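Engineer: Pasting a structure here, questions to come.
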Amino acid sequence: MYPEYSTESERKMVYRIALLVSAVIGATTVAPHGANASEAAAGVRTRESINFGWRFYKYGPDETPDPLVYDARPEITDRRETRPADERPTEAVQVRSDQAVLKPWILPTANAFIKDPANHHARPAGSPGSDFAFVQAGFDDTAWESVDLPHDWAIAGPFSGGWGAAVSGGMGRLPSPGVAWYRRQLDIPESSAGKSVFLEVDGAMSYAMVWLNGQLVGGWPFGYASWQVDLTPYIRPGGVNQLAIRLDNPPESSRWYPGGGLYRNVWLTTVSPIHIGQWGTCVTTRDVSPESAVVELRVEVANRSSSAAEVTLSTDIYELGQDDRPSGDPVASIEPAPLSVDSGRTASIRGAAKISSPRLWGPPPTQEPHRYLARTRLYAEGEVVDEYDTPFGIRDLRFDPNRGVLVNGEHIPIRGANQHHDLGPLGAAFNVRAAERQLEVLREAGCNAIRMSHNPPAQELLDLTDKMGFLVIDETFDVWERKKTPLDFHLIFPEWSEPDTRALVRRDRNHPSVIAWSIGNEVGEQYTGEAGAAVARRLHDIVKEEDPTRPTTTAMNFSKPDMPLPAEVDLISLNYQGEGIRDAPAYRGLQGIRTPPLYPAFREAFPDKVIVSSENAAAVSTRGAYLFPVTKGVSAPVADGAGGDPDTRQVSSYELYTTPFGSSADKVFRSLKEHPFVAGGFVWSGWDYLGEPTPYYLSRSSYFGIVDLAGFKKDRFYLYQSHWRPDLPLVHILPHWTWPGREGQVTPVHVFTSGDEVELFLNGQSLGRQRKTPGQHRLRWDDVAYQPGTLRATAYKDGREWASSEVQTAGAAAALDATVDRDQLLADGRDLAFVSIRIADSSGVTAPLANHPLTFELKGPGEIIATANGDPTNLTPFPSSTRSAFHGRCLAIVRTNRDEPGELKLTVRAEALRPVSLSLRSR
Ligand code: GAL
């Protein structure tokens, strides 16, 4: 290793996209799910979860919150509830206020992420809020609610219904806005005297401000950021340490459900005053081949002691197992090397090691996502004073403008999904198993890439994408200076865009799954010419200073090739413009942005840049709802009576209907095929999410997913699966075939298949054999007259029988049926079982119209934390243990109790139906 005192700017490199060789890279923090210290170095760094044992208080709607505000806010003037998603963002709003604000005390928290010392914020004298009761150790908070983290204060509801509701459909009709406090006592032992103690918050929604022992410490406003504050000057080792955190979620601050609260993990980290800095390691790999790879590691050391330090660093590299633990002996080591660090300063050191026959990280099914771990030890005066683990992966990542993304030399077409941060019925409160389930279902469809739309994800989600081998576009912002909702993050953009961007990249740059940084989504600066481009340039430059190995991008639904914005980023990310917006015949009469298919124009203008479809489709549907008549075209805008039913607020699952700016999957697939230079695309969206219930804003969750909010697959899932997994024998029939009263009426039958031909039978009678023509992604029998019985489809591939399936008319609903994703759980207070309930007739055929009210009862050491049925209009609060089934299905989510192993038994009942019970084991 060799010392390095250089400024970041020396690392700035001229970036060429044509053959970008990035290396890569591992995860950010110390071992993600536990203490990192090995036995040899036990105790030198502790990272303790402080998720349990908080008190929580949120001001009620009739209370006036305390005046400890971060900043004054503009008045809300625009209260429209059904703003079109692709409407042009409006100008920033400036506020002036004489109100006392705490911003000047909070801004210094950002200093470590502001490059130019001249722009660092000096903390003013004093400690606002110190005399406020809630921050005092003596305050009696026993009447406050007891909560454990991650905690989303809004997800339990109630939902607010109707037009003009307290929280409208766009933000999910849940009470996320408001001011609330969290309090907890910290156990800071005598032995922490003389050490550095940090509070690490993985996500707090939003405008967090932290007091310890009555003193204002700092905070961070952006609700999706991960951040830390240094508690050291305020701690009382061995005594009572009272932590108090104030959060403030503005109304009308988001285009989707933001959640509210300390909704990700919170940690207390104690280290020697000479320690490896926050996200202080950066791994890159180069010269990657099956024979060898060079791993380069840069480590930043902070010296908070009162004298200069001479330290030594060494690093061992291990293979990292599926259990997140290093396995076996080190496969390589970076030799010990000395470094001097002045008091109060940081310094960094670089080193490298060669690994023979590296096990590369790459996406399944053709590659495996192997990971490594760099364990770095910091020695002062011959003693280990810190130890820091950096998980990473070794991969060769290239971007080729003619083909797209190459991982380890293999072209990987992007089959991606956009995912918002919420976990459906669990809201924003992060849970590893719930996130893993989302990824598993997407993987089953053949999805290999995730766009983190439109904000920094939970760190553990990136651990999962690393482990499972997804490619990720990691995104910072939905807005810059121009706003999309009145009180969104444009208000803090001027002061926080640099720190938030640096924080994201430093946190996430070691994850092998991250392949690109998106600095913004459909920002209003697309409309502001050179001024907007200058913002993009600034953000792009910041990203490159922090990570020169990956490309930047920004998702554009308006910019054209001759506008200044696209020139500023490395990758061209197009939202909807690739296939064309409002371009197909069915869309011609609509108002709004309109473009022809723009892939060719962007390619011509930027022959050296890779183009990716960062958002496409924006198709809408409700699982199990089929409306008639069905459009004859392959893509049509949804409207009342044309794909949408304004009375039930459901959207047809024939999977042909879209937002006014969208395109059906069929059209997207065709367009990507016709433009093979495009790297692939990300469907909007993988799963349904809370908020943005286009086209019916009286609802509470979206219709965009290929999977519904409960995790049940819509028909569209199979359309994607048939396209993304051509080798999986599959044939899927829609609609269901239980239509009492439709006898004799035209009821179109559509079939998705990975085969090339299908023969359809109704009650044994062939309705004909059809072959897909080039560019066709469904086979359709549009004139079928309904008669009860059995529809059967037999698919062929290359003339051979390939797959078959059938749907049958159900009789009267008679019984409940239950299946669970996993019946062996961990008794850790976090593990979840997802129990799917199905209503069937007496022969086991799913009753697709059954909407019976169900009651759920659990015996044993666990809790039913939520139920859900995938109906976007349903306003029953998620924690309810009674819920109606929707189109024959319902979900219960069971969580184990911490440290209480045992047998759990879930029973589900409905009037006039045979009940069902299911056993789980928690250990
Ligand atoms: C896009 C936007 C997404 C979502 C989507 C569907 O324009 O980037 O966040 O709003 O439309 O409405």
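The values are calculated or read from the model by the stated rules, or taken from the named source; none is laboratory data. Predicted model only: the values in this text are computed from it and were never measured. All Cβ positions, even for glycine, are placed from backbone atoms using ideal geometry, and neighbour counts span all protein chains on display.
Engineer: Among the residues of the range 246-253, is there at least one that is in contact (Cβ under 8 Å) with a residue 60 or more places away in the chain and either within 16 Å of the ligand (Cβ to nearest atom) or farther than 30 Å from Asp152 by Cβ (or both)?
Structural biologist: yes
Engineer: Can I ask one more? Could you count how many residues in the range 112-160 are among the small types (Gly, Ala, Ser) and touching a Lys or Arg at 6+ places or on another chain (Cβ under 7 Å)?
Structural biologist: Adding up the residues that qualify gives 2.
Engineer: Now for a different question. Counting only residues that are within 16 Å of the ligand (Cβ to nearest atom) and either free of Cβ contacts under 8 Å to residues at least 40 places away in the same chain or farther than 25 Å from Gly157 by Cα (or both), give me the strands (runs of 3 or more DSSP E) lying completely in the range 358-459 with at least 3 of them.
Structural biologist: Qualifying strands (runs of 3 or more DSSP E): 414-419, 449-452.
Engineer: Another question, if that's okay. Could you list all residues from the range 735-794 that are touching a helix residue (DSSP H, G or I) at 6+ places or on another chain (Cβ under 7 Å) and at pLDDT 95 or above?
Structural biologist: Phe752, Thr753, Ser754, His777, Arg778
Engineer: I would also like to ask the following. Where residues in the range 640-667 are away from the ligand (no atom under 16 Å from the Cβ) and in a strand (DSSP E or B), which of them is nearest to Ile473 (Cα to Cα)?
Structural biologist: Gln650
Engineer: If I ask for residues that are under 21 Å from Glu252 (Cβ atoms) and in a loop (DSSP other than H, G, I, E, B), which ones from the range 167-202 would you list?
Structural biologist: Val167, Ser168, Gly172, Arg173, Leu174, Pro175, Ser176, Pro177
Engineer: Within the range 460-495, count every residue that is assigned to a loop (DSSP other than H, G, I, E, B), in contact (Cβ under 8 Å) with a residue 60 or more places away in the chain and under 18 Å from Asn418 (Cα atoms).
Structural biologist: Total satisfying the criteria: 5.
Engineer: When you check Val523 against the structure, is it under 27 Å from Pro499 (Cβ atoms), away from the ligand (no atom under 16 Å from the Cβ) and of a type in the set (A, V, I, L, M), yes or no?
Structural biologist: No; evaluated as a whole, the condition is false for this residue.
Engineer: Taking the range 864-892, which residues are among the aliphatic types (A, V, I, L, M) and either surrounded by fewer than 24 Cβ atoms within 10 Å (Cβ to Cβ) or in a strand (DSSP E or B) (or both)?
Structural biologist: Hits for the range 864-892 are Ile864, Ile865, Ala866, Ala868, Leu875, Leu891, Ala892.
Engineer: Quick test for you: out of Glu319, Glu300, Glu335, pick the one residue that is in a strand (DSSP E or B), farther than 26 Å from Thr270 by Cβ and either within 35 Å of the chain's Cα centre (by Cα) or without any contact (Cβ under 8 Å) to a residue 24 or more places away in the chain (or both).
Structural biologist: Testing whether each residue is in a strand (DSSP E or B), farther than 26 Å from Thr270 by Cβ and either within 35 Å of the chain's Cα centre (by Cα) or without any contact (Cβ under 8 Å) to a residue 24 or more places away in the chain (or both) leaves just Glu319.
Engineer: Could you check, for the range 562-579, whether at least one of its residues is over 25 Å from Pro456 (Cα atoms) and among the aliphatic types (A, V, I, L, M)?
Structural biologist: Yes, the range 562-579 has at least one match.
Engineer: Can you find, within the range 161-181, the residue that is surrounded by the fewest Cβ atoms within 10 Å (Cβ to Cβ) among those that are over 22 Å from the mean Cα position of the chain (by Cα) and farther than 24 Å from Leu243 by Cβ?
Structural biologist: Applying the filter and picking the extreme gives Gly164.
Engineer: I would also like to ask the following. If only one of Ile473, Ile492 is within 13 Å of the chain's Cα centre (by Cα), at negative phi and not basic (Lys, Arg), which one is it?
Structural biologist: Result of the check over Ile473, Ile492: Ile473.
Engineer: Still on this structure: It is to be established whether one or more residues within the range 95-115 are of a type in the set (Asp, Glu) and modelled with pLDDT under 95.
Structural biologist: Looking through the range 95-115, at least one residue is of a type in the set (Asp, Glu) and modelled with pLDDT under 95.
Engineer: Which members of the range 691-700 meet the condition of being more than 13 Å from the ligand (Cβ to nearest atom) and buried (at least 24 other Cβ atoms within 10 Å of the Cβ)?
Structural biologist: Hits for the range 691-700 are Ser699, Arg700.
Engineer: When you scan the range 481-488, do you find a residue that is within 20 Å of the chain's Cα centre (by Cα) and either under 20 Å from Pro117 (Cα atoms) or not charged (D, E, K, R) (or both), even just one?
Structural biologist: no
Engineer: For Arg670, state whether it is outside any strand (DSSP E or B), in contact with a Gly (Cβ under 7 Å, 6 or more places away or on another chain) and charged (D, E, K, R).
Structural biologist: So Arg670 fits the description; yes.
Engineer: Another question about this same structure. Looking at this structure, is Tyr654 buried (at least 24 other Cβ atoms within 10 Å of the Cβ), closer than 30 Å to His736 by Cβ and among the aromatic types (Phe, Trp, Tyr)?
Structural biologist: yes
Engineer: Hey, Trp517 hits all of (1) assigned to a strand (DSSP E or B); (2) more than 16 Å from the ligand (Cβ to nearest atom); (3) under 18 Å from Ala92 (Cβ atoms) but one; which does it fall short on?
Structural biologist: Unmet condition: (3).
Engineer: In addition: Tell me, yes or no, whether the range 711-732 has at least one residue that is in a strand (DSSP E or B), more than 30 Å from Pro901 (Cα to Cα), modelled with pLDDT of 95 or more and in contact with an Asp or Glu (Cβ under 6 Å, 6 or more places away or on another chain).
Structural biologist: Scanning the range 711-732 turns up no residue that is in a strand (DSSP E or B), more than 30 Å from Pro901 (Cα to Cα), modelled with pLDDT of 95 or more and in contact with an Asp or Glu (Cβ under 6 Å, 6 or more places away or on another chain).
Engineer: Please verify whether the range 464-483 includes one or more residues that are over 15 Å from Pro512 (Cβ atoms), at pLDDT 95 or above, away from the ligand (no atom under 16 Å from the Cβ) and among the aromatic types (Phe, Trp, Tyr).
Structural biologist: No, every residue in the range 464-483 fails to be over 15 Å from Pro512 (Cβ atoms), at pLDDT 95 or above, away from the ligand (no atom under 16 Å from the Cβ) and among the aromatic types (Phe, Trp, Tyr).
Engineer: Same structure again: Can you report the number of residues in the range 735-787 which are of a type in the set (Gly, Ala, Ser) and under 20 Å from Ser722 (Cβ atoms)?
Structural biologist: So the count comes out to 4.
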